[in-house]
Each structure stands twice: as C-alpha cells, then as structure tokens.
Amino acid sequence: MTAAITSPAFRENAHQALEDKQLQAVLGTMRTGFSVKRAEAAAALPEFEALRDSARDIKNHTLAHLDLYLEQYEAKVTASGGHVHYARDAAEARRIVADICRDLGAKTVTKGKSMISEEIGLNDHLEREGFTPVETDLGEYIIQLRHETPSHIIAPAFHLSAAQVEQDFRRVHTQLPPERDLSEPVSLLNEARQMLRQHFLAADVGITGANFLIAETGTSVIVTNEGNGDLTQTLPKAHIVLASLEKLVPTLDDCAQMLRVLARSATGQDSSVYTTFSTGPRRAGDADGPGAYHVVLLDNGRTGMLGTSFQEMLRCIRCGACMNHCPVYQAVGGHAYGWTYPGPMGSVLTPSLIGVEKGGHLPNASTFCGRCESVCPVRIPLPKLMRHWREKEFERHLTPATTRSGLALWGFFARRPWLYRQATRLGAATLALAARGRGKFAALPFASGWTQGRDFPAPEGRTFQAMWAAEAGKRRRAGGKPGAKEQNP
Amino acid sequence: MPQQTAPRNPPQQPRVGLFVTCLVDLMRPSVGFAAAKLLQDAGCHVEVPAQTCCGQPAFNSGDRATAADLARAMIRAFSHLDYVVAPSGSCAGMVRRHYPELFADDPDLRGKANAFAEKTWELTSFLVDVMGVSDVNASFDGVATYHDSCAGLREMGVQAQPRKLLGSVRGLKLVEMEGSDVCCGFGGTFAVKYGEISNAIVSEKAARISESGAPMVLAGDLGCLMNMAGKLSRQNSATAVRHVAEVLAGMDDLPPIAAPAAPATGKPGAA
Ligand code: SF4
C-alpha cells in the first residue's frame, strides 16, 4: 500500500477543483509567480542552457552505471559509520523506518520535507505504530494539521491561501492568545517555528529526504529555505535519510552542477537559502550531529523503469518547474492528479509506480504544449513519455472504447484518400448547411465536451481540395496559368 | 528552441507541395488559398497532391500503426517535391519532429522519413527562412495580437517569422498579449475528452486576448484558432479571430472564424 490513490477519478477531481473558487484564486497567482522568476533566473545566467545539458548528462551517466554508484555510495556511508537499508517497496520502507524508531525507543519523530515519505504514506504508518511524527517544513506542517496531502512537490500547501492557514493555526494552537496578529505571512512562519521548537528538542529521530546522494563521499544533501531540515537532522539521536535510489550523483562536483540548475528552475533563486550536506553520524569531537545515521533507499518500481523509455524520467530532480509551467496543473491544481506526484512529471511517473490501470488518465490529460519539456532542467521529454503511456494503453486495449472506435473510423477514411475526400466534402457541406450562416454551433452532439463551454466554428462549406481541383479545372479550360499546377482530382 | 536551418541554395523556383492539413481542408479552405497565394507570390511553384491527414491524431492517441500508415501515404504523395509547406506548426511539427521517431526502427523508411522531415516547413517560417520574404505587400487596417501556437513555437521555432511578416502589412499594428506563448488549451482530442479543463485553459487565454485591447487575434494553427474563436464567440466578444495567412494574403473580405457569414465585414473591429 502507498499513499491513497484517487487518480482513476481524475475527471471528477478536476471538476471539483474547477468549481472551487478559493483554489482557483490561488492557482491564478501561478501565472505571474514561479514561471516569471524562473525565466529571470535563467536569463541572468549565460551558461544556463549548457548547465541543463550537463545536468542531463550527469544523470544519464549515473543511471547507466547505477549499480556501481550504489555500491560505492553504500561503502562510503558504511565507512563513515552509517547504515544503508534497501527497501523494495513502500511497505518495506515503512517497516524499516518504524523498526529503527522502535529500537531507539523513540516517541517524537521530526520530519523535513520528503516526497518519498508522502509516496509511502509514512506518517499514517508511524502514528499507527505509536510514534508522533511532526512535519517541520512550514508547508508540510500546515497540511499535516489539515490531514491533507501536498498539492505541489516543492510547495506542499500551494493550494491554500494565507487566510486559510491563519484559520487553521487559530483552530489548533489554542494555547496562544486568541487576539494575536497573524495578518502577515511571516507571522505564520514565526508561529509555526515557535510551536515546532519544543518538538525539535523532544525529537528522538529526525527524518529527512534527500535532493542528492553523493556516491564519492556517501553524503546526503538537502536544500531548504527555512532551515528546518538542519534542526531535524542534527538534534535527535538518529537521522534517517529517506530517498529513492535515483537520487544518486557520482561526485561532489556533479552535485554542485545539479544544485546550480535546481533552485533556478524551482523558485528562480540562485540557490536555496540552506544547502546541507551530511555524512555519517556525529564523530568524536564533532560539536553536534545525530548519534546514528541511516539511509533507507526506496525502489518501489524504479528499477523496473531502467532499460525502458521511462528511464529518462529517473533523471527528475523534483524541481517542480514542469508543473509551474503546465496549463493543466494551473487549471486544476495538484490534488486532482490523485497521487503523490502531480503535473507533467506525475503524469509520467505515476503510471510507472502505481500502474497505468490506475494512473492512465494522467498522461492523457495533457495538451502536449511542450512547455514542461522546455523548462525541465534535466531535459526530460515529458510529452514524449506521456505519449508512450498512451501507446501502452492502446496496445493493451485500455484506451476507452469510444476513442478507439472513433480513431478506427477516422483511420479507415484517412487511409483511403478518395473516400476521405467524398466524406469530407459531404461533412463540410452538411455542417455548413446546419450552421445556417451563423458561423458557429452552440451545441454539437458528438463534441459536447467542446460545446459545453465554447461554440464550435462552422466550416466554410467546401473542402480546400475540392475547390482547388475546381479552380484548376477552370484554369485548364482557360488555357492554364503558370505557377499553379494541380494533381488533385 | 529547435530552429530549422535553411538550405544554403534554395532552388530558384522551388516546387512546393502545399500540405493543407485536414482541418484547413475541411473547415477553412480560404487559409489554403491564402497559403498558396503567399507561396506563389514568393516565387514558388505550388502543387496540391491528394492528401488526407498527417496522422497526428492517431500518433497522439497512442495508435502508432495508423499513424505510420498515414505517414507512409504522406511521404509517397509529396515525394517528388522540393518542399512540403503547411499553414500549421502543429502538422508541420508532426512531420518534422515525429516522422523520424515513428520510423526510427524501420531501416527501409528511416532515410525517407528523415529526408521528408528535412524538407517540411511551417508556412511563415518557410517564407522568411527559406524564401527570404520580408514584405508580403499586403494591407490590413487595424490592430492585432498574435498567439504563439505551441507546436509551432516549441517544435518548429516559429516566433519571429510571423511577426516579421505581419510587420510588413500596411496599416496593421501588432500588440503583444501577456503570455502569448502559453497554450490555449486545444490539444487536439484533449479539447473534447477533457473539455472542462480545456475550456478553463482557453478562458484564461481569452482573458489575456481581451486585456491586450486588440480587436483581432491571429495564430498559425487552425485548431487553436477554432478553440479561441469558440470561446470568444461564446462570450459574445467582438474580437475577430483569423489565421495569420489570411491577413498576410490580404483576405479581409472573408468573415472571421466563428463569425456569421453575412454581411461580410471581416474588418477588425467591425465584427
Ligand atoms: S520533470 Fe523536470 S521540470 Fe519536472 S520536476 Fe522533474 S526535473 Fe523538474
């Protein structure tokens, strides 16, 4: 079992999202937010496009030799006094984490932001096992209070307005004076910090994700803007790094290159406020650090993507740029996608991880506008990979019957030019006649998905090929005109 | 952005196959005539081989077999021509970017598909980048804004070329809308299959068009144009919607897309 899945209900989810006025207001800010900042950051760095190439190459190289780098990474972590645990699936990862917590007699478990934790539904599991997980990233903290899941991979509470968060804080933080001023967003951050302080001090185990794992040194790297990750991983008795195995990069230099494209693509910052490298547990003489250091490496379907066209998806560094630039994401938000990963990256990754039977809507719900690919820092051909999912669905007869038969009928005519021309001639004439000079249709029985919100323009009435042939006939009779020759009967 | 490199020495009077696209053929033949006129004015010898569709709807629906069948027919129909030109970045992009992909594992057709892709162009970029046209010698009174259709922009590098040609139209003033490079929400079958989302996206686009203040919006792809025209028309907007080729060819007597047939105004602002 992983995090709850509602991807099969994508259409209904999307409908609800479109009806949700509050959500629509928040999504409206996206147009002038992330994408503008990213464009400015990219423009300010002359080598940005070259850096994207090298980021892609570094990841391709790592994936091509993943076994070697995993061995090297594990050896380095072990040499620095840490432990590496391999988890084949979500259940195994949850069990490993819970076992470590139990062995340490832990009660409170603080958590930095980790999408893998969301993917495996870790918080619910820890609660069931009697631990108290506390999210320390502001966005994650907010959605934990609301018992929600993230709607964006770098801004988990993106779907909420400041006013909603204020309401939640007043509802939950009842020990604070009710008349306090929370009108400024920074006051929300401060209040969360104040509440979290006690948890940081009480925590027995700190769990973080990892943006990168460095094979050369056995180091895990996180980037944050709030500094919560540092407290999460240095104060408790043990630090657990929860990461999927494609987070590896070979060297520190490679990591530095990846960092240069990550923040710029994500938020338009040159670099995130905090970039934290951790290698092993506290050594004798260290001023601080955890007593134990564990890395749980999750597979959960990823090695199955190696050697297929979906291997390219494993380059993803979770910057969120693709969703920030996606017209579909901007229309419906992240929750509509129905699982941990929304937007274009989710539309490729989700079917890979939970199966195309459940995630099949996602790669179809794209206009293929290509804006995601044009901003992806590791140049993942997201539309192409979505199309590969459509091909798999078609091969396996998962494509809806109406689409299949529509395609078959259209294909039948399109393969037979003469028949096609007769059919289109008739179609154009009939439609034009039916439009009765109004130039449009307000409703069309076979395209209600279109006409519910839009008119459908009427055709002029004759096909181009018919008109061209007629003109050519006229020209022939009149003795021909240079420059225009026709072959169209 | 992928930009096609123009051949060093284009033939004097190149033989151009007009790949009119199935939407133009069926819905708005005038765009085909506008394209033919622009090509002829540029010194091309225009032919219209019998054609159906490039196969994109099948390709994007995951039906590679049908897409490949139609692609083979296209390659055959246009094989004797120097160039293939389409008044659509999307259909030209299908040929240019995806035919090679479609036949990558087919040793018999791979070479042909690559060569065919090489000689296929979107109309405005062909006129500017290959034929060196800088002035279309047309006039069209009014103000227009231009929407960059996605495939033309991101697969074919079409951005400066239509603006350059529009800049040469006497009487026409071009104003930019915010986010002209953002998708209109058409996406082929997406517009019907996920109509509600498509409609939400085109509503945004319609808002940006209206905010631009231009009484006319132009684009190079009929699919996007029908989508935007359908939305603006549903909103009872007076904004005229036209294919860029219509304006470049000076066809101002043709009613805008989704506008009533008569009286034939078509003049921007008169809709
Ligand atoms: S697919 Fe590319 S753009 Fe999207 S999150 Fe991953 S790295 Fe970023």
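Annotations for the structure displayed:
- Only one of the listed residues (B:219, B:151) is within 28 Å of residue A:444 (Cα to Cα), open to solvent by 10 Å² or more (accessible area, probe 1.4 Å), in contact (Cβ under 8 Å) with a residue 60 or more places away in the chain and touching a helix residue (DSSP H, G or I) at 6+ places or on another chain (Cβ under 6 Å). That residue is B:151.
- Residue that is most open to solvent (accessible area, probe 1.4 Å), among those in the stretch B:237-259 that are more than 13 Å from chain A (Cβ to nearest Cβ) and aliphatic (A, V, I, L, M): B:238
- Check on residue A:332, out of contact with any Gly (no Cβ under 6 Å at 6 or more places or on another chain) and closer than 25 Å to residue A:86 by Cα: no
- Filtered by the rule that a residue be surrounded by 15 or more Cβ atoms within 10 Å (Cβ to Cβ), in contact (Cβ under 8 Å) with a residue 12 or more places away in the chain and in a helix (DSSP H, G or I), the stretch A:176-192 gives A:188, A:191, A:192.
- A single member of A:400, A:381, A:377 is more than 9 Å from chain B (Cβ to nearest Cβ) and either touching an Asp or Glu at 6+ places or on another chain (Cβ under 6 Å) or within 15 Å of residue B:60 (Cα to Cα) (or both), and it is A:381.
- Segments classed as helices (runs of 4 or more DSSP H), wholly inside the stretch B:108-173, with at least 3 members that are in the same structural domain as residue B:218 (by TED's automatic domain parsing): B:150-156, B:160-167
- Filtered by the rule that a residue be open to solvent by 10 Å² or more (accessible area, probe 1.4 Å) and within 16 Å of the ligand (Cβ to nearest atom), the stretch A:152-175 gives A:154, A:155, A:158.
- If you go through the stretch A:21-63 and keep only what is of a type in the set (Asp, Glu) and free of Cβ contacts under 8 Å to residues at least 40 places away in the same chain, you end up with A:47, A:49, A:57.
- Under the condition of being of a type outside the set (S, T, N, Q) and either part of a strand (DSSP E or B) or at the interface with another protein chain (Cβ under 7 Å from one of its Cβ atoms) (or both), the residues counted in the stretch B:38-52 number 6.
- Test: residue A:166 is out of contact with any helix residue (DSSP H, G or I) (no Cβ under 7 Å at 6 or more places or on another chain), among the charged types (D, E, K, R), under 28 Å from residue A:13 (Cβ atoms) and not assigned by TED's automatic domain parsing to the domain that holds residue A:340: no
- Taken over the stretch A:342-383, the criterion of being among the small types (Gly, Ala, Ser), at positive phi and away from the ligand (no atom under 12 Å from the Cβ) is satisfied by A:355, A:370.
- The residues on offer are B:211, B:196, and the sole one that is at the interface with chain A (Cβ under 8 Å from one of its Cβ atoms), assigned to a helix (DSSP H, G or I) and more than 20 Å from residue B:90 (Cβ to Cβ) is B:196.
- Unmet requirement for residue A:274, which otherwise passes all of (1) hydroxyl-bearing (Ser, Thr, Tyr); (2) closer than 21 Å to residue A:252 by Cβ; (3) within 16 Å of the ligand (Cβ to nearest atom): (3)
The values are calculated or read from the model by the stated rules, or taken from the named source; none is laboratory data. The model shown is predicted, which means the values in this text are computed figures rather than measured ones. Positions of Cβ are generated from backbone atoms using ideal geometry, with glycine treated the same way; all protein chains shown enter the neighbour counts. Ligands, DNA and RNA are excluded from the accessible area calculation, which covers all protein heavy atoms including side chains. Shrake-Rupley method; radii C 1.70, N 1.55, O 1.52, S 1.80 Å.
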